[in-house]
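The values are calculated or read from the model by the stated rules, or taken from the named source; none is laboratory data. This is a predicted model, so every value here is computed, not measured. Because the Cβ atoms are built from the backbone with ideal geometry, glycine has one as well, and the counts that use them run over all protein chains shown. For the accessible areas, the whole protein counts, side chains as well, though only heavy atoms, and no ligand, DNA or RNA atoms are used. Shrake-Rupley method; radii C 1.70, N 1.55, O 1.52, S 1.80 Å.
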Amino acid sequence: MPKPTFSTSLVAFLLAAAVPCLARSTTVAGVEAPSSIGALSAEAPMQVLPWYNGVFQNIGTNWACASDPPIWQVRVAGYAGYSLVPPDRTPAVGEVFYTHLVLSHPGNPCGGSAIGIELLLPAGVETANSEANPAFCFAVSGTNNRLFDLGNDSGYGCPQAYAQGLEGLAVRAPRGGIGGGAWGLGQGFWLELLVPLRATQVQFGDKNITWRVNPDLGVVGYPKVPLLVNGDVIFRDPMEGNVLMLDICGITPTPIGC
């Protein structure tokens, strides 16, 4: 598969990245873990949080690079979701939980896509980034099927604060990304962004967590998931010992590093 041909190549960014499993209260699992994770696991039982996901959406089309006669393809596809408490309990008011956006790039528009991403939250829901519960950003390269932690990447990083965007909170690569904080993807690439949230009021499922995905000029899609948050009084450490699994580690073949 041809790799992206941006002036600053995504592949150059990704190949410089390592793939740690972060030793924090909330942990991303399914990736190669350093020895420190073993010590953490021994101290506290791990609880894998399932995802409740919305519908997979196609976003935009493209003319397949160099095809003649033209072959039209889906440019980007993806879905949104949020974490539950096992086995299938919704988060409670005041409790930290995570939303994620999972994007694939099946199309091959020659130069790939520079994707702008925003997060639109319903009233009564806010971001909850902290040292204990950070955002996570991972990608799978369509060139070598390897998982990369973009939070450690010199060209991307993973945003822990969010300025106002066109419609919601701008989720931009803090080290510039492909340009202006955009996330660069080419054919066969995957991206998964995970952002911690907290609800200040009960959510009844009539409002959505929505991600705004802008892969090309004038092309916008809105992967979303209806949010349910209960009003139960709970007494448990927020996210302590919890593990978040990466959906992109479930693709076939399994990415190297998962």
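With all protein chains kept in place, the per residue accessible area of segment 172-258 amounts to 44 square angstrom at a probe of 1.4 angstrom. At the residue level, Thr61 shows approximately 90 square angstrom of accessible surface with a 1.4 angstrom probe and all protein chains present.
Taking all protein chains together and a probe of 1.4 Å, list Cys158, Cys65 from the most accessible to the least accessible.
On the way: Cys158 20, Cys65 50 Å².
In descending accessible area the options line up as Cys65, Cys158.
Just add up the charged neighbours of Phe97: K/R +1, D/E -1, any other residue whose Cβ is under 11 Å from the Cβ of Phe97. Here the charged neighbours net out to +1.
Phi-derived couplings, Karplus 6.51 cos²θ - 1.76 cosθ + 1.60 at θ = phi - 60°, listed residue by residue for segment 97-104: 9, 10, 9, 9, 10, 10, 10, 10 Hz, with x used for Gly and Pro.
For the pair Leu120 and Asn144, label points projected 7 Å from Cα toward Cβ lie 3.9 nm apart. The accessible-area ordering, largest first, of the residues Glu126, Glu131 stands as Glu131, Glu126, per a 1.4 angstrom probe. One Cα centroid belongs to segment 120-150, the other to segment 192-212; the line between them spans 14 Å.
Note that segment 55-99 presents 47 Å² accessible area per residue, ligands and nucleic acids not counted, probe 1.4 Å.
Take peptides 213-219, 143-149, 73-79 and line them up by average Cβ neighbours within 10 Å, highest first, as a rough protection proxy. Provide the component values of the computation, followed by the final result.
Working: 213-219: 17.0, 143-149: 19.6, 73-79: 21.4.
Sorting 213-219, 143-149, 73-79 by mean packing, highest first, produces 73-79, 143-149, 213-219.
Share of carbon and sulfur in the accessible area of segment 66-225 stands at 52%, probe radius 1.4 Å.
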